[in-house]
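Participant: This is the structure I want to talk about, given as structure tokens.
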Amino acid sequence: MTDPAESPCQTCGACCAYDKNWPRFSLEAEEDLALIPEALVALDKSGMRCEGNRCAALGGEIGVATACTIYGLRPDVCRACQPGDAECNIARAHYGFPQIRQ
Ligand code: SF4
Ligand code: SF4
């Protein structure tokens, strides 16, 4: 999820609740990962904790109003996902949301 004030992400959240294997950690610095509340991290520390396919850090209601509650600390994979890219539109299609064209 990207945020910026006018972003379509604010009324979406699909990519944050599409695949429990998606919000994984990769090349983040240990000290950055240590700032993420432990309750939001998977037990095996491989990524974010998910409830079903929904990331535990996602706040709000999908398709209505959503926000990442750890936006400034979110993993690299979340920073990389941009509205209109392939991952975004796959997740949006899963929820029946219209595709975003870049
Ligand atoms: S699926 Fe796309 S529009 Fe929706 S929150 Fe993720 S990046 Fe934003
Ligand atoms: S950490 Fe934030 S941006 Fe990443 S999947 Fe979870 S709610 Fe979405």
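The values are calculated or read from the model by the stated rules, or taken from the named source; none is laboratory data. These numbers were taken from a predicted model, which means no experiment stands behind them. Counting neighbours? That spans all protein chains shown, and the Cβs are built from the backbone with ideal geometry, glycine included. Ligands, DNA and RNA are excluded from the accessible area calculation, which covers all protein heavy atoms including side chains. Shrake-Rupley method; radii C 1.70, N 1.55, O 1.52, S 1.80 Å.
Participant: So with the 1.4 Å probe, I'd like the accessible area per residue for region 8-94, rounded to whole Å².
Facilitator: Computed with neighbouring chains in place, this is 54 Å² per residue.
Participant: Calculate what fraction, in whole %, of the accessible area of region 8-94 sits on carbon and sulfur atoms when a 1.4 Å probe is rolled over the protein chains.
Facilitator: Result for region 8-94: 55 percent of the exposed heavy-atom area is carbon or sulfur.
Participant: Go through region 47-62 residue by residue and turn each phi into a ³J(HN,Hα) via Karplus (6.51, -1.76, 1.60, θ = phi - 60°); whole Hz please, and just put x for glycine and proline.
Facilitator: x, 6, 6, 10, 10, x, 9, 9, 4, 5, 8, 7, x, x, 10, 4
Participant: Kindly provide the helix-only [θ] at 222 nm of the chain, computed as the sum of -39,500 (n - 2.57) over DSSP H runs of four or more divided by all residues, to the nearest 500 deg cm²/dmol?
Facilitator: Roughly -4000 deg cm²/dmol at 222 nm, from the helical runs in the chain.
Participant: Can you give me the orientation-averaged projected area of the convex hull built on the Cα atoms of region 1-80, in nm²?
Facilitator: Approximately 4.8 nm², given one-decimal rounding.
Participant: Let me ask another. With a 1.4 Å probe and all protein chains kept in place, how much accessible area does Asp44 have, in Å² rounded to the nearest 10?
Facilitator: Accessible surface of Asp44 is approximately 110 Å².
Participant: Using +1 at the C-beta of Lys and Arg and -1 at the C-beta of Asp and Glu, which of Gln99, Cys9, Ala34 has the Cα lying farthest in the positive direction of the dipole of the chain?
Facilitator: Gln99
Participant: Highest mean first, what order results for 50-60, 32-42, 79-89, 9-19 on Cβ atoms within 10 Å?
Facilitator: 9-19, 50-60, 79-89, 32-42
Participant: If you find the alpha carbon centre of region 84-102 and of region 10-73, how far apart are they in angstrom?
Facilitator: 18
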